[in-house]
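In what follows, a single structure is set out as structure tokens and then discussed.
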């Protein structure tokens, strides 16, 4: 809302509060990075965009790792290696 009204300073303040209270909120962090970039705070924006990228990569990796662990565990059970 603040972004669409071009109230970037207000948006920055609100988004910083959101990210501080929910550090894993990718959406809030992404929007904060966008606002920072708009405000010319490019180094901070770059760092936040990188954090978003890392969080997205991690969130995609976790289900795959869980599936692989489950498949490996099931196979070990089938082979009698785990009881």
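Every number in this text was worked out from the coordinates using simple rules, so none of it is lab data. The structure displayed is predicted, hence computed values, not measured ones. In this analysis, Cβ positions are derived from the backbone assuming ideal geometry, glycine residues included, and neighbour counts consider all displayed protein chains.
Residue pairs whose Cβ atoms lie under 6 Å apart, sitting 6 or more positions apart in sequence or on different chains, and linking a residue in the stretch 14-28 that is free of Cβ contacts under 8 Å to residues at least 60 places away in the same chain to a partner that is assigned to a loop (DSSP other than H, G, I, E, B) and surrounded by 15 or more Cβ atoms within 10 Å (Cβ to Cβ), do not occur here. The set of residues from the stretch 4-57 being outside any helix (DSSP H, G or I) and exposed (fewer than 14 other Cβ atoms within 10 Å of the Cβ) comprises 4, 5, 6, 22, 23, 24, 40.
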